[in-house]
Amino acid sequence: MDRSCGETKGAVVQERLDELVTDYANGYFTRRGFLAKVGALGLSATAAVNLADQAEAGLESAHEPGQVIGDAVAGGAWEVVDLSLTTAENHPTNWPTDPQFHVVPMTWFKRIPGPNGTNGAVEPSEAAVQRYEINEHTATQIDFPPHFIPPPGLDIPGAPGSSWGLMTGDKIELAAFMGPAVVVDVRDLLDGNDTAGVSAQITREWLLRWEQRYGRFQANEVPMWFSGYTDRYYRPFPDNDRFQDRMLWKPIVEKSEPAWVAADPGAVELLHERGVRHAVTDAPSWGAAEDGQPGHVAGLRHGMTWTEGAVNLGSLPVRGAFYIGSPYKVKDQQAAIARAFAIKAAGASPAGASAPLRL
């Protein structure tokens, strides 16, 4: 027999086997049908079963998260969008009356000359190390129920104690801080607010009208208040003077400028009724500037959580992205600094590309 003829026949058989494996993986026929077809090509029963097992393993792998997400991101079909602030000194990172965030160098590769001479606290080392002076409510952050809910047996005005007051962030499953993102355009509410020291309010009635246009919030979706407030005002302090900060100092302390957009208790209650566990705001606080307790208590008393101080929400589509909040884990924490991001389809129409929504 001509050797080249045998090689050609083998190549044809292998090509046909590859086609059958692909068809089986795509569900075009059953395992029994697959075994019959590959058997007809001369494979033994054992070889046919092994080939079927390999095809099924490949099918399972193709639908596993690592393969799906990895391929989509690496291939450019999906994009990872950073929604977090860059925490930095000389920025409005936390509540204006709290101590400010600081970076303290500990070691560097050599002593560093500074405006007041060499910083003696910095020791020369083969490794660079610095520490942070920070609180749990800094820049992009997540609130947990004990932030406003006392433990059982301890009641304060506006917030009776409950078991939720014991549910610190380290005890909450990570899945509670992620889900399908729903971008709610509230830019018109922010732009229409001209009352200094006061937040524009998202009411229950406003959200019901929003649902009539975009559909009801579903359980475990993550609503996002997109106003552009933090995108607009998170800046270095003018002339290094925190008292000139527009984002927090002026609306909170001076009460000389309008504040951010916040959901009132009725709107928060509606989210709970819909099965929402986590939400996101691009404001520095979930609660209103004039009185933050009611809005916080409305959700935290049900075990809800939220990310505050997000940015870039307008780059996401109204629906279709997937949100992930990743809190820094500390024992018995009432809140946490966090890295927030979302995965969206490349080329998806961003909510911020449209004119502000008016309801």
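The residue that is surrounded by the most Cβ atoms within 10 Å (Cβ to Cβ), among those in segment 88-97 that are in contact with a Phe, Trp or Tyr (Cβ under 6 Å, 6 or more places away or on another chain) and in contact (Cβ under 8 Å) with a residue 60 or more places away in the chain, is Pro96.
In this structure, is Val318 more than 13 Å from the chain's Cα centre (by Cα), among the β-branched types (Val, Ile, Thr) and in the same structural domain as Pro151 (by TED's automatic domain parsing)? Judged against the criteria, Val318 is a match. For first residues located in segment 22-33 and in contact (Cβ under 8 Å) with a residue 40 or more places away in the chain, partners that are of a type in the set (Lys, Arg) and lie 6+ apart or on another chain with Cβ distances below 9 Å do not occur. Within segment 168-188, the residues that satisfy the criterion of being farther than 30 Å from Ala200 by Cβ and not polar (S, T, N, Q) are Asp170, Lys171, Glu173, Leu174, Ala175. The C-beta contact set for segment 112-138 (first residue farther than 30 Å from Glu308 by Cα, second residue modelled with pLDDT of 80 or more, distance under 6 angstrom, 6+ apart or interchain) comprises Val122/Pro105; Val122/Trp108; Glu123/Thr107; Pro124/Lys110; Ser125/Thr107; Ala128/Trp108. Is there a residue being on the phi > 0 side of the Ramachandran plot and modelled with pLDDT under 95 anywhere in segment 127-147? Looking through segment 127-147, none of the residues is on the phi > 0 side of the Ramachandran plot and modelled with pLDDT under 95.
Does segment 115-137 contain at least one residue that is among the small types (Gly, Ala, Ser) and either crowded, with 18+ Cβ neighbours inside 10 Å or under 23 Å from the mean Cα position of the chain (by Cα) (or both)? Taking every residue of segment 115-137 in turn, none turns out to be among the small types (Gly, Ala, Ser) and either crowded, with 18+ Cβ neighbours inside 10 Å or under 23 Å from the mean Cα position of the chain (by Cα) (or both).
Residues of segment 40-78 that are at pLDDT 85 or above and over 30 Å from Ala321 (Cβ atoms): Ala40 alone.
For segment 24-37: of the residues being at pLDDT 80 or above and assigned to a helix (DSSP H, G or I), which is surrounded by the fewest Cβ atoms within 10 Å (Cβ to Cβ)? Out of the qualifying residues, it is Arg32.
Annotation note: Cβ proximity below 8 Å between a residue of segment 344-357 that is assigned to a loop (DSSP other than H, G, I, E, B) and a residue that is of a type in the set (Ser, Thr, Tyr) (sequence gap 6+ or interchain) occurs for Pro350/Ser315. Residues in segment 325-340 that are within 13 Å of the chain's Cα centre (by Cα) and crowded, with 20+ Cβ neighbours inside 10 Å: Gly325, Pro327, Ile337, Ala338, Ala340.
Does Arg213 satisfy the criteria of being loosely packed, with under 15 Cβ neighbours inside 10 Å and either among the acidic types (Asp, Glu) or assigned to a helix (DSSP H, G or I) (or both)? Don't jump to the end; show me each part of the working.
Numbers: loosely packed, with under 15 Cβ neighbours inside 10 Å: yes; either among the acidic types (Asp, Glu) or assigned to a helix (DSSP H, G or I) (or both): yes.
Answer is yes for this residue.
The values are calculated or read from the model by the stated rules, or taken from the named source; none is laboratory data. Predicted model, so just to flag it, every value in this text is computed and none were measured. Neighbour counts are summed over all protein chains in view; Cβ atoms, including those assigned to glycine, are modelled from backbone coordinates with ideal geometry.
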